[in-house]
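The next block holds one structure in the form of structure tokens; read it before the comments.
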Amino acid sequence: MITALIGSVSFFAVAIFYILLAMGLPYGDFAMGGKYKIMPKQMRVACAISVFIQLIAIIFILQTGNVISIDALNTIAKGVCYFFAFYLIVNTIMNVLSKSKKEKLVMTPLSFLTAICFLITAMNG
């Protein structure tokens, strides 16, 4: 399903971005309200944990969209996609309310696109 592919690619891009943040690169003005240009050590840990969660979400959207097949995930994949759709809609709202102009311009549409992909994939999965 095309929405599963688009959603997984967009979330993978976000995961790469969060890896860069976790490594201490100066892209913090695009994330978490733009408060820090370089994430403090505790925030870097949060970024690294976020990457792990994003990669799990990618597996679930690909499973629900029938791009991959992991039998053990069949019973929960659709529900997990609905969860991430809801989470990403909330995330989109938070990005819109961000004080960071960069976060608003870049992360808001990316989060919204990914939310829609998770939602459509869950509805059709």
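Read-outs throughout are calculated quantities, based only on the coordinates presented, and are distinct from any laboratory measurement. Note that the structure is a prediction, hence the values are computed from the model and not measured. In this analysis, Cβ positions are derived from the backbone assuming ideal geometry, glycine residues included, and neighbour counts consider all displayed protein chains.
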Original post:
In which sequence would THR75, THR3 go, from the one with the fewest C-beta neighbours within 10 Å to the one with the most?
Top reply: THR75, THR3
Original post:
Can you list the lysines whose alpha carbon sits under 27 Å from that of LYS102, skipping same-chain ones fewer than 8 residues off?
Top reply: LYS35, LYS37, LYS41
Original post:
To the nearest 10 degrees, how steep is helix 41-64 against the longest Cα principal axis of the chain, on a 0 to 90 scale?
Top reply: 20
Original post:
Counting pairs of Cα atoms in the chain, how many percent are more than 24 Å apart?
Top reply: 27
Subject >> Degrees between helix 108-124 axis and first principal axis of the chain (Cα, 0 to 90, nearest 10) >> reply: 10
**OP:** Quick one: compute the contact order of the chain, relative version, from alpha carbon pairs under 8 angstrom and 6+ residues apart, as a percent.
**Re:** 34
**OP:** Report, in whole Å, the centroid distance computed from the Cα atoms of the range 107-123 and the range 12-28.
**Re:** 20
**OP:** Pop a pseudo-label 7 angstrom from the Cα along the beta-carbon direction at both ILE38 and MET94 and give the gap in nm to one decimal.
**Re:** 2.5
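What value, in deg cm²/dmol to 500, does the helix sum -39500 (n - 2.57) over DSSP H runs of n ≥ 4 give at 222 nm once divided by the residues of the chain?
Here the helix-only value at 222 nm equals -23500 deg cm²/dmol.
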